[in-house]
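Please treat every number below as a calculation from the coordinates, not as lab data. All figures in this text were calculated on a predicted structure; none of them were measured in a lab. Positions of Cβ are generated from backbone atoms using ideal geometry, with glycine treated the same way; all protein chains shown enter the neighbour counts.
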Amino acid sequence: MKKLRKNPAISNLLMVSPLAAVLFVFLVLPIVLIVIVSFWRATEFSIIPAFEFDNYAFLFGSPVTYTVFFNTFKYAAITWACTLSIGFTVAYYLAFHIRSQTWQIALFLLCTIPFWTSNIIRMISWIPFLGRNGIANSTLMSWGVIDEPIEWLLFSDFAVILAFVHLYTLFMVVPIFNTMMRIDKPLIEAARDAGANGAQILWNVIIPLTKPGIMIGTIFVVTLVMGDFITVRFMSGSQSANVGRLISNDIALLQYPSASATAIVLLLTVLLTIGILLRFVDIRKEL
């Protein structure tokens, strides 16, 4: 014990080793296995351990790959813009317009109520609402707004993005609200005393100080959307696809090497996207 106390490096290593072992077994090792399998070859009846680049060559040589990746980035970008607009507005209202901490907590918990149910249930609940004979079309027709049902409300990109926004907006609200609550109120009062109006305070004071929260929410939303596949499958009526759906189809066909190669490319793409985002804001202040 005395030697450990005299050598803090060994003591710190022993303290970190259990968590490092867990991360290695459940995070690093599976990724290493996926990388290895991505270089194997699959036939109709078997998987052959080999080191070859056929899976990656087929992946990058197919025009379907670029279309699917474009759809993935499209869903991620539009969902990010929508969740940022809604999340920032909700967080701003809770942080600066609700004076009572009790009401802040109550309204914040109200935002979490949808998360008390399964993601799939919340997603599927849109189908009877957006369908051709659903609540939305029936209501609009009864009001005389439309003469016939709107076809693109369901089984379209609109339905996919709507479901994404519904599922992941809270992941934008939480970090932004947490960051806004750390802003010193006297700083805003000082800006107001200096003659700044509401728009100037928002643009020059609140938004710059909220950037770490915005970036954390962005990472959450973008990574979740890019890895999702079940939402695209159900809400598009299997008419659209993203990278997650491509991986799911390969797994269903027992094409594990091809699925592994696609997963590795997706992982590198997500890590590259996160790396670019982290260049703009230092989020270590919020962690």
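Here are the numbers for this structure:
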{"read-out": "All positions within region 146-190 that are under 16 Å from Thr210 (Cβ atoms) and hydrophobic (A, V, I, L, M, F, W, C)", "value": "Phe171, Met172, Val173, Val174, Ile176, Phe177, Met180, Met181, Ile183, Leu187, Ile188"}
{"read-out": "Filtered residues of region 117-161 (kept if outside any loop (DSSP other than H, G, I, E, B) and touching a His at 6+ places or on another chain (Cβ under 9 Å))", "value": "Arg122, Met123"}
{"read-out": "Among residues of region 176-197, those that are out of contact with any helix residue (DSSP H, G or I) (no Cβ under 7 Å at 6 or more places or on another chain), more than 17 Å from Ile98 (Cβ to Cβ) and either in a helix (DSSP H, G or I) or aromatic (Phe, Trp, Tyr) (or both), counted", "value": "4"}
{"read-out": "For Phe39: the one exception among (1) exposed (fewer than 14 other Cβ atoms within 10 Å of the Cβ); (2) under 28 Å from Met226 (Cα atoms); (3) in contact with a helix residue (DSSP H, G or I) (Cβ under 8 Å, 6 or more places away or on another chain)", "value": "(1)"}
{"read-out": "Residues (free of Cβ contacts under 8 Å to residues at least 40 places away in the same chain and within 17 Å of Tyr66 (Cβ to Cβ)) located in region 251-272", "value": "Leu268, Leu272"}
{"read-out": "Helices (runs of 4 or more DSSP H) fully within region 203-287 counting 3 or more residues that are touching a strand residue (DSSP E or B) at 6+ places or on another chain (Cβ under 6 Å)", "value": "none"}
{"read-out": "From the options Phe177, Phe164, Phe155, residue that is on the phi > 0 side of the Ramachandran plot and in contact (Cβ under 8 Å) with a residue 40 or more places away in the chain", "value": "Phe155"}
{"read-out": "Candidate set: region 87-106, residues that are hydrophobic (A, V, I, L, M, F, W, C) and over 19 Å from Gly198 (Cα atoms); chosen: the one farthest from the chain's Cα centre (by Cα)", "value": "Trp103"}
{"read-out": "Selection within region 255-282 - within 14 Å of the chain's Cα centre (by Cα) and either hydrophobic (A, V, I, L, M, F, W, C) or surrounded by fewer than 15 Cβ atoms within 10 Å (Cβ to Cβ) (or both)", "value": "Leu266, Leu267, Val270, Leu271, Ile274, Leu277"}
{"read-out": "Test: residue in region 51-60 that is among the small types (Gly, Ala, Ser) and in contact (Cβ under 8 Å) with a residue 12 or more places away in the chain", "value": "no"}
{"read-out": "Filtered residues of region 203-220 (kept if without any contact (Cβ under 8 Å) to a residue 24 or more places away in the chain and aliphatic (A, V, I, L, M))", "value": "Val205, Ile207"}
{"read-out": "Members of region 239-254 found to be β-branched (Val, Ile, Thr) and buried (at least 19 other Cβ atoms within 10 Å of the Cβ), listed by number", "value": "Val243, Ile247"}
{"read-out": "Residue that is loosely packed, with under 15 Cβ neighbours inside 10 Å, without any contact (Cβ under 8 Å) to a residue 24 or more places away in the chain and more than 30 Å from Leu187 (Cβ to Cβ), where the choices are Ala77, Ala136", "value": "Ala77"}
